[in-house]
Every structure is written in C-alpha cells, then in structure tokens.
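Colleague: Mind having a look at this structure? Questions to follow.
We did not get these values from a lab; they are worked out from the coordinates using the rules stated. As the structure is a prediction and not an experimental result, all values here were calculated from the model. Virtual Cβ from ideal backbone geometry, glycine too; neighbours counted across all protein chains shown.
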Amino acid sequence: MSAAKKLRVAIVCDWLTSIGGAERVVLELHRLYPDAPIYTSQYNPDKIDWFEDADVRTTWLQHLPSSLKKFLPLLRAWAFSRLDLSEYDLVLSSSGAEAKGIKTGPNTIHICYCHSPTHYYWIRHDEYLDKPGFPFGLNWLARLGLKLLVGPMKRWDRHAARQPDFYVTNSSHTQTMIKRYYKRESIVIHPPVDIDRFKSSADTSALRHGFVVAGRQTPYKRFDLAIEACNELKVPLIVIGDGPDRKRLEKLAGRSTTFLTQVNDLNIVAHFASAIAFIMPNMDDFGIVAVEAMAAGTPVIAYNKGGVLDYITPNKTGLLFDRQTVKSLSAVLETAANKNWDYALIAREAAKFSVHNFIKSMQHYINECLEERSAT
C-alpha cells in the first residue's frame, strides 16, 4: 500500500444523488484511496452522506436539479467525454452509464468497475420505451427521444467503452453482457455487501412467517408477481420500499400484503430475519438486497436469470423459478415454505460477499494492473 499511496489517483462515478450498489462501490474505493478526488456529474449530500470527508468534484450539471437525472444522458455524455484526467496515474471509475467515457493519457491506467452496459441503450431499452417513468406527463417526450437518439448514443457508448484499460464487474451475468455489447473482457469481483449488519440476526431457532420483498418499486422489478403469488397462496407478504409503481402495486395487493415505506436499518434486518424467504422476482445485474437477506439467514426465491446465479445454490441458499408468471413463482414459494432450511449455512454463504473480501480483491487486482503496465 505504501507504493500505492504515492500514486496520483482519481475516482469517477456517474452521479452521487442516492444510495445504491454503485455508490457502495464508490465508498469502498474512497476508503482505499481517501485522498483521491471523486469526479461525478451531480452530488446531493442531503441524499447520501457517505462522502462528507471526500473531495467531491462535480461537473456543470450540478447546477441542474438532480430530479432531472433521467433527462441528462446526452449532457452527461458530453460532460464526461470532455473531462480530462490524464494528470493522474490511476483512475478508478464506477459506472453503469457515462462516467467510463472520461479522457485519460497514455500514462494513466483506467480501471472501470462496470455495473452493467448502459441499461437504456442495451439491456432494458424496450422497458424504458414502454414505461420511461418521467414526471410531469413527459413520457411521450422520453419515448421520442429514445427512439431518435438511441442509434447515435449506442455508438457513443461503444466508443466510451473503449476508454478503460481494464474492466471489473459485479457478476458472471454482467461479464457476459460486457462481452456481448462492448466486446471487452472483464473479471468478476462481487460488490461489497454489509454482511455484519445482518449476520447477528441469522437465528436458526427463530420462528419464520410469510415472505418479504424490498427495493425501489418500479415496473421492471416485477413486485407485482410477488404480490399476486402471495395473494393466490393467501400468505403474508411484506413489501419494503417506495417508488413510482407504488399505487399500482397497492391496487393489486390482498389483505395479507403490508407496505412499509419508512423502514430503518434495524427494522429491515428484523423483517429479513423473520421471513420464510426473500423474493427476487426480476432479473438483476447482481442484487445486493438479496445477499443482505441471505446474511440474515434467509433463503432467496429468485427468477432464474442474472446475477442471482452467482449466489443461489438451489435447495441450499434458495430456489429458482423459470418463468415470470404467478403460477411458476407460486409453486416455488410453496416448496420454500415446506422446506427445512439451514439458516446458519445460508448466512455463511453470504459472508463470501463481505466488504472485506471486496476490498481485498480490488486491491489485489489494482496491484496486478499496475504491475502489468509497469512491465510493458
């Protein structure tokens, strides 16, 4: 680490306006290199207070409301492509959008932790077209923009994807997507999960009851499947979180479904630890919240695609359902409810995704990249 501290290091990310998996990666990179400035398009310290001690440097987009984030891909692409970080020896970007497109010099090593090829151009383009989720009745404008600009922006995104020297990613699924869309190789280092916050609740003797689902309530999360399946089975379901799909989901819910929007860290641990299983009804690039549930000893019932395949071992840490239908999910929920799970074993499996392991793996890979460059 002594040699690494002498490096001129910069950290780059798409935005810092809320708390999520990408922001957790930035936090741990900041802890690795606390003196490195963090470059980002917009920063809202009222929404995310993890970086009070950091040198956060925003683009001119900071002067626009963060609520307009969905309108800004073109402007972010312009801003990041003109951000020249060639003065640094090492640049670490955490990106699932435009931040990977920054400029670096021939003597700079740029390592990108890629959370996904940009969703609105590649993997979920059709979903964004169907339900853009824009405020003020402007979905029609969003659809028009996506249709007109998707071609040029895909070309820009492919060009930006050539900028990093090395790629790290969060799951085997995303590794495949990076290869498919960007034609780049990558290594998998799973994102940091705050295992310690949950593991003390992995009580093997606790009486578990009902199911739980958590996260931002948007259509692609498919919480409707969880609600309708629990309606059919007449079993309790706790839905934790909020989002633009909330009202629609409430209309679908039966009497045994409870919505909780203001859940603190302590309560969410209790809800996870007391559930028969956590439901992950959508395809996710990784799914940190599902691993958090595992850390509480709770098995995960998940759709059989995406990042979950890196941590769900059927009949050991959870179960998979093959089709996103109420029938398919209901059958697996019944199996889960009648199975004797080894909660302590599930919690031990989750420990593989700890913050400590992330930091150790990232530091090792960064050192490898530095050594490889110095040998050439």
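Colleague: Skipping prolines and chain starts, which residues have an amide H placed within reach, meaning under 5 Å, of the one on Val168, given they are 5 or more residues away or on another chain?
Modeller: Placed amide hydrogens put Cys112, Tyr113, Cys114, Ile187 under 5 Å from Val168.
Colleague: Further question on the same structure: Can you pull the one-decimal nm distance between simple spin-label points at Asp46 and Leu309, each 7 Å off the Cα toward Cβ?
Modeller: The two pseudo-label positions are separated by 4.3 nm.
Colleague: Please give the direction-averaged projected area of the C-alpha convex hull for region 232-280, in square nanometres with one decimal.
Modeller: Hull-based average projected area comes out at 3.9 nm².
Colleague: When DSSP assigns beta bridges and you keep just the ones with both residues in region 196-352, what percent turn out antiparallel, to the nearest 5?
Modeller: 0 percent
Colleague: Given R₀ = 30 Å, what would the calculated FRET efficiency be for Ile187 paired with His159, taking r from the Cβ atoms and rounding to 0.05?
Modeller: The value I calculate is 0.85.
Colleague: Another question, if that's okay. What is the distance in Å between the Cα centroid of region 229-268 and that of region 72-118?
Modeller: If we compute the Cα centre of each part, the gap is 38 Å.
Colleague: Beyond 27 Å, how much of the Cα-Cα pair distribution for region 196-352 remains, as a whole percent?
Modeller: For region 196-352, the fraction of Cα-Cα distances above 27 Å is 12 percent.
Colleague: Taking only DSSP H segments of four or more residues, each worth -39500 (n - 2.57), what value at 222 nm results for the chain once the sum is divided by all its residues, to the nearest 500 deg cm²/dmol?
Modeller: Result for the chain, helices only: -11500 deg cm²/dmol.
Colleague: May I pose another question? When only alpha-carbon atoms are used, what values of Rg and Dmax, in angstrom, describe region 18-112?
Modeller: For region 18-112, the Cα radius of gyration and maximum Cα-Cα distance read 13.0, 37 Å.
Colleague: Please work out whether region 257-342 counts as rounded, prolate or oblate from its C-alpha gyration tensor, where a ≥ b ≥ c are the square roots of the eigenvalues and a/c under 1.5 means rounded, while otherwise a/b larger than b/c means prolate and anything else oblate?
Modeller: Rounded.
Colleague: Follow-up. Length gain on complete extension for the stretch Asp196 to Asp322, per 0.36 nm per residue less the alpha carbon to alpha carbon distance?
Modeller: Length gained, Asp196 through Asp322: 42.2 nm.
Colleague: Between Glu372 and Ser172, what length in nm is gained on full extension when 0.36 nm per residue of separation is reduced by their alpha carbon distance?
Modeller: Between Glu372 and Ser172, full extension yields 69.6 nm more.
Colleague: Considering only DSSP states other than H, G, I, E and B, which trypsin sites (Lys or Arg not before Pro) in region 239-281 qualify as loop sites with at most 14 other Cβ atoms within 10 Å?
Modeller: Arg255
Colleague: Report the FRET efficiency, 1/(1 + (r/R0)^6), for Arg348 and Ile19, where r is their Cβ-Cβ distance and R0 is 22 Å, rounded to 0.05.
Modeller: That pair, Arg348 with Ile19, gives E of 0.25.
Colleague: How much FRET efficiency would the formula 1/(1 + (r/R0)^6) give for Lys247 and Leu149, where r is the Cβ-Cβ distance and R0 is 25 Å, rounded to 0.05?
Modeller: About 0.25, to the nearest 0.05.
Colleague: For the chain, count the residues as N, evaluate 2.2 N^0.38 Å, and divide the Cα radius of gyration by that value, please.
Modeller: Ratio of Cα Rg to 2.2 N^0.38 Å: 1.00.
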